[in-house]
Each structure stands twice: as C-alpha cells, then as structure tokens.
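Notes follow the structure.
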Amino acid sequence: PNGNILFCHLNGVKEVTRKNEVVWEYNAPEKVECHAAQPLPDGRVLLTECGTSRILELDKGKVVKEIKLITKTTNAHNQFRGTRKLANGNYVVCFKGDNKVVELDGEGKVVREIPVADKC
C-alpha cells in the first residue's frame, strides 16, 4: 500500500522504495533458502525458510513469530514453495519435496494434507 516493493530472494527478504532505497531486510542463516514471502494485513511479512524448515512472521525484518515445519526432504532447495497465510490465520504450505500441500493452524498443527502426484 505504501508503494514500496517487497520481494524474497534466495537468502532472505527485502523491502525497497521505488528509488531502490532499502527500508528493511532480513537475511536468512547461511545455506538457507527463501522461496515465499507475503505481506500481511497487520504490516508483518510472512517468510518461509528452507533448510531451517520454518515459517516466520517478520516485523520490519525482526522475527516475531516462528512455526517449525517437519519435512522428510533434506535438500533445502526442494523443501517448500508458495506459503500463504489465510484470512482465518491458518497457513498453506507446498511441501515440494514431500509431494503434498499442507494446511496448518496458527500454532503449526496440521489441519489437513493434500497429496499431489508430482512435485508442487
């Protein structure tokens, strides 16, 4: 809404102005990949880390909520994609390497799993 650009990149997430000035950024730990970011209505940003296997909610780059994800996939690049937070507070996560989509409640408990025939 403020006209800034939010994007995730291989190793984190960043918000920049249209003049390419960094408003804030979050850098993931070494050997961790980030493949999903979503601005949330309360001003936070959702980020999913592959390698540490977790969903984070950030407030201007600072972690304010963490939900651990359990996956069988050890290759960080293939763990997760396309995570989104729903209006009801649940999360939907594509477990790319486990060939399933999972809905979690706001505390990280599995609500449902949907297997997929091929990788997400």
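The values are calculated or read from the model by the stated rules, or taken from the named source; none is laboratory data. Because the structure is predicted, anything quoted here is derived from the model rather than measured. As a convention, Cβ positions derive from the backbone with ideal geometry for all residues, glycine included, and neighbour counts pool all protein chains shown. Side chains included, ligands, DNA and RNA excluded: accessible areas come from the protein's heavy atoms. Shrake-Rupley method; radii C 1.70, N 1.55, O 1.52, S 1.80 Å.
For the chain, the carbon plus sulfur part of the accessible surface works out to 51%, probe radius 1.4 Å.
Under 24 Å of direct C-alpha separation, and excluding same-chain neighbours fewer than eight residues apart, Lys14 reaches these lysines: Lys31, Lys60, Lys62, Lys65, Lys68, Lys85, Lys96. When you filter the trypsin sites (Lys or Arg not before Pro) in region 57-120 for DSSP loop state and at most 10 other Cβ atoms inside 10 Å of their Cβ, you are left with Lys72, Lys109.
Out of all Cα-Cα pairs in region 18-81, roughly what percent, to the nearest whole number, are more than 16 Å apart?
Numbers: 946 of 2016 pairs.
Tail fraction, whole percent: 47.
Would you list, by chain and number, the aspartates and glutamates whose Cα falls below 13 Å from the Cα of Lys100, excluding same-chain residues fewer than 8 positions away? Partners found: Glu113, Asp118.
Per residue, how much accessible area does the chain show when a 1.4 Å probe rolls over the protein heavy atoms, in square angstrom?
Working: 6950 Å² over 120 residues.
For the chain, the solvent-accessible area averages 58 Å² per residue.
Take the eigenvalues of the Cα gyration tensor for the chain, scale each by 5, and report the square roots as semi-axes in whole Å, largest first.
Details: eigenvalues 120, 52, 29 Å².
For the chain, the ellipsoid semi-axes come out as 24, 16, 12 Å.
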